[in-house]
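Inspection log for the structure reproduced underneath, given as structure tokens.
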Amino acid sequence: MQGKRLLRSRNDRVVAGVAGGIAAMLNIDPLLVRLGFLALGLLNGFGLMVYVVLWLLVPNEDSAAADARSQMRENVGEMQSTAEELMQRVRGMFNS
């Protein structure tokens, strides 16, 4: 029997799908994983650091990247577009 591969979820994501992917791999509720990241983040900031590293290194479940280098480029591009989208939302909140 072969284990499940860690992939970021496209269907169960709040930010990048890291928690959804971990939950799918472990066959648990994604809320538990999110709460774990939140607890680690509030305790010592480690949860945020781990989340960002996993976002950078773990491929999306529908990734077309052929090698690790192109995978990281794809993930960095997604990080940039997510950050830009978040900034637009924040600006919209203050401009209203």
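Using DSSP H assignments, which helices in the chain have an axial alpha-carbon span of 20 Å or above and a mean Kyte-Doolittle hydropathy of 0.0 or higher?
Length and hydropathy pass: 30-44.
Residues of the stretch 56-70 with an amide N closer than 18 Å to a point placed 7 Å from the Cα of Glu85 along the Cα-to-Cβ direction: 56-64. The order of Asp12, Asp62, going from fewest to most other C-beta atoms within 10 Å of their C-beta, is Asp62, Asp12.
Computed from the C-beta positions of Phe94 and Val14 and an R0 of 35 Å, the FRET efficiency is 0.95 to the nearest 0.05.
Laboratory data are not the source of any read-out in this text; all were calculated from the coordinates shown. All values reported here derive from a predicted model rather than from experimental measurement. Ideal geometry is used to build each Cβ from the backbone, glycine not excepted, and the neighbour counts take in all protein chains shown.
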